[in-house]
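J.: Please read through the structure below; I'll follow up with questions.
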Amino acid sequence: MTYDERCKEDARLAILAELAQQPDARLNSRNLATVVEQVVPRRPREWLEAQLRWLDSMEAINLVEQSLPGLGPVHIATLTRTGRDHVDRRQFLPGVTKPADEE
């Protein structure tokens, strides 16, 4: 596995895990960028959006674009059952790092 592939897989897990922690399982792309920056630093917004689109194509999230007052256009990601199953270690998605075992 290349370094770039590993970064993508780690970022995708970080996105799913953060969504799973939200009361409504949803966040906008600007908030998710902050989370991903902690795992995979210095990636452009387009790179994050590509990871969100990939997760949407795998049905791990539902992705919609909205225009928010003061922010302009952002993507809103909502965790799906498939994404939650990955985070909860019930069924794994290829292309997403597996969550660590709980200690």
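J.: Do you know which residues across the stretch 6-52 are among the basic types (Lys, Arg) and over 19 Å from residue 84 (Cβ atoms)? Outline the logic, then answer.
T.: Within the stretch 6-52, the first condition is being among the basic types (Lys, Arg), and the residues that meet it are 6, 8, 12, 26, 30, 42-43, 45.
Within the stretch 6-52, 6, 8, 30, 42, 43, 45 qualify.
Yes/no per residue for (1) within 12 Å of residue 78 (Cα to Cα); (2) of a type in the set (A, V, I, L, M); (3) without any contact (Cβ under 8 Å) to a residue 12 or more places away in the chain:
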{"site": "15", "(1), (2), (3)": "yes, yes, no"}
{"site": "20", "(1), (2), (3)": "yes, yes, no"}
{"site": "36", "(1), (2), (3)": "no, yes, no"}
{"site": "40", "(1), (2), (3)": "no, yes, no"}
{"site": "49", "(1), (2), (3)": "no, no, no"}
{"site": "52", "(1), (2), (3)": "yes, yes, no"}
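Where a number appears in this text, it was derived from the coordinates with a stated rule and is not lab data. What you are looking at is a predicted structure, and each value in this text was computed from that prediction instead of being measured. Counting neighbours? That spans all protein chains shown, and the Cβs are built from the backbone with ideal geometry, glycine included.
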